[in-house]
Amino acid sequence: MCSTELFLNSADSTLGILQGVAKLEKRICANCFGTTEAKVKARRIILILAWGLLVSQVAAPALQTTTEQPQGKTARAVPVRIRIGGNVMRARLVHEVNPKYPEEARKKHIKGTVRVEIVVDRDGKVIETNVLSGDPLLAKAATEALREWRYQPTLLNREPIQVLTEVDLKLDLHRPSM
């Protein structure tokens, strides 16, 4: 049995890892005909391997899924949020509120398009807004209106999921937005 097999066979638990490290260190040092520097390098390698195994022992339970699946089916990781294009989400819009044109922007004759990244929750409500571009005076009105928009819930594998998308709102004094 080589020293690596000895180390891995005894690495079933944290105690096993530590015992394996001690056995491997003794074996390498007994067979090491080199200088003290070679023994130090060997010990460093052993400690790095042991640390990696200890970390994997601790991290492995956290990565396992706790949900039980019916027999014959495998568990899949479901993303928390997916990105969908703005045109696709536009078709899923069920309630739209036009932005109220800011009085200060009206006085300064400011018009333009505001691009906003939004997060739609599992129920179809806009829960986050992030202005990507546009005039700051118009951006506030756009985000206030977007927070009142409602979408059909988006399903992934028959489960509702959050959606990240972008919306362009055109604000002009003489015509409604969109």
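The values are calculated or read from the model by the stated rules, or taken from the named source; none is laboratory data. If you're wondering where the values come from, they're calculated on a predicted model, not measured in any experiment. Positions of Cβ are backbone-derived with ideal geometry, glycine not excepted, and every protein chain shown enters the neighbour counts.
From the residues in the stretch 153-178 that are in a loop (DSSP other than H, G, I, E, B) and surrounded by 10 or more Cβ atoms within 10 Å (Cβ to Cβ), which one is modelled with the highest pLDDT? If we take residues in the stretch 153-178 being in a loop (DSSP other than H, G, I, E, B) and surrounded by 10 or more Cβ atoms within 10 Å (Cβ to Cβ), then 153 is modelled with the highest pLDDT. Listed conditions (1) at pLDDT 75 or above; (2) within 17 Å of residue 159 (Cα to Cα) are all met by residue 105, apart from (2).
Just so you know, in the stretch 85-105 the residues that are small (Gly, Ala, Ser) and in a helix (DSSP H, G or I) include one that is surrounded by the most Cβ atoms within 10 Å (Cβ to Cβ), and it is 105. Scanning the stretch 130-153 for residues that are in contact with a helix residue (DSSP H, G or I) (Cβ under 8 Å, 6 or more places away or on another chain) and closer than 18 Å to residue 93 by Cα yields one hit, 151.
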